[in-house]
Amino acid sequence: MESESARARETLAALGEDRRRIGERMTAETWWAAPAQGFGSALLVAAPVAGLQWAWVPFIAGAVVFTAVEALFRRRSGVAIGRPAGPLGVLLLVAIGLLHVAAVGGTVVLSVLELHGWAVALAALTGVVMALGVVGYDRVFAQEVRRAR
């Protein structure tokens, strides 16, 4: 009975250590992944500025940036994220998604009104907010993984 209890404590300690290491891996790559995802986001949001004929170019470029960041993150960190680790992560992802929808809508309106400078400024601002959102998401993900029971 005593040995089973000791083994259970050892197993729980090992799981806690694994969670800690996953959290560290998640945040270790933020320094480059957050700005790269912010840049990809800015490209996606700025796509309407290129006009109907060329909007696909920055859109595809942004999608390639996101795909490359994900692949490089997985290779460098060894962590593959299938879903958020907890409710705060879900909330952040929903907020980031809504931000993108609103920003693309804003750049479409600004482009139709031929206010291209403002549309580019909105895209740049969205990229900065996205980069900060990625930093926040990485920290929240790491915290929720460490805390999971």
**Prompt:** Going through segment 29-76 one residue at a time, which ones are more than 12 Å from the chain's Cα centre (by Cα), of a type in the set (Gly, Ala, Ser) and open to solvent by less than 50 Å² (accessible area, probe 1.4 Å)?
**Reply:** Ala42, Ala46, Ala47, Ala50, Gly51, Ala55, Ala61, Gly62, Ala63
**Asked** Taking segment 35-66 as the region of interest, how many residues are farther than 17 Å from Ile96 by Cβ, free of Cβ contacts under 8 Å to residues at least 60 places away in the same chain and assigned to a helix (DSSP H, G or I)?
**Response** 8
**Request:** Could you grab me the full set of residues in segment 67-99 that are part of a loop (DSSP other than H, G, I, E, B) and basic (Lys, Arg)?
**Result:** Arg83
**Message:** Out of everything in segment 91-127 that is open to solvent by 70 Å² or more (accessible area, probe 1.4 Å) and under 13 Å from the mean Cα position of the chain (by Cα), what residue ends up being nearest to Glu70 (Cα to Cα)?
**Reply:** Leu93
**Request:** Determine whether segment 100-121 contains at least one residue that is of a type in the set (Asp, Glu) and touching a residue at least 12 places away in the same chain (Cβ under 8 Å).
**Result:** no
**Request:** For Ile22, work out the one condition from (1) hydrophobic (A, V, I, L, M, F, W, C); (2) closer than 23 Å to Met130 by Cβ; (3) in a helix (DSSP H, G or I); (4) open to solvent by 60 Å² or more (accessible area, probe 1.4 Å) it doesn't fulfil.
**Result:** (2)
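The values are calculated or read from the model by the stated rules, or taken from the named source; none is laboratory data. For clarity, every value in this text was computed on a predicted model and none was experimentally measured. FYI the Cβ positions are ideal-geometry reconstructions off the backbone, even for glycines, and counts take in every protein chain you see. Ligands, DNA and RNA are stripped out before the accessible areas are found, and what is left, the full protein with its side chains, is counted by its heavy atoms. Shrake-Rupley method; radii C 1.70, N 1.55, O 1.52, S 1.80 Å.
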